Amino acid sequence: MTEEYLKQFWSEKISRRNNREVAIINHNHYIIGDSKGATKGMSGAKHKIHFFDGWTVETDDLWHQGEIPEEFRGVLEDNAKFE
C-alpha cells in the first residue's frame, strides 16, 4: 500500500470516529456491523464491547480495519474495551 492510500484510508476513519458503530480498542479500529448480511466480521464470533461513555453492546458482526498508525493515534483515541 502506498503512503497516500494509507493517509486517505485513515482520514476516512477520522471522519467517522464519532459514529456509534466505531470502536477503538487498544489502538485497533473496529466497526460494528448490522448482522444482516450473509458474511459477518470476525467469522461471526461474539464480542461484548463496553464504551467509555457507559454504553455496552454485544455483536457477532465485528469488522477489524487494523492497528491505527502512531501518527493517527492522537485523533483516533481508544473509546472502548472488550469485556
Revision key, fill the gap. Given unit charges at Cβ for Lys, Arg (+) and Asp, Glu (-), the dipole magnitude of the chain about its Cα centre in debye, nearest 20, is 240 debye
Revision key, fill the gap. The local net charge around Ser35, scoring Lys/Arg +1 and Asp/Glu -1 for residues other than Ser35 whose Cβ lies under 14 Å from its Cβ, equals -2
Review point. Summing Lys, Arg as +1 and Asp, Glu as -1, what charge do residues with Cβ under 14 Å from the Cβ of Ala80 carry, Ala80 excluded?
Key: -2
Review point. So what J values fall out for the range 63-71 if you push phi through Karplus, 6.51 cos²θ - 1.76 cosθ + 1.60 with θ = phi - 60°, rounded to Hz, Gly and Pro as x?
Key: 10, 9, 8, x, 6, 6, x, 3, 5
Study note, to complete from the structure: Subtracting the Cα-Cα distance of Glu71 and Thr39 from 0.36 nm times their residue separation yields 8.3 nm
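Values quoted throughout were computed directly from the atomic coordinates according to the rules given, and no laboratory measurement underlies them. Since the model is a prediction, treat every value here as computed from it, not as a measurement. When we count neighbours, we look across all protein chains shown, and the Cβ atoms used for this are built from the backbone with ideal geometry, even at glycine.
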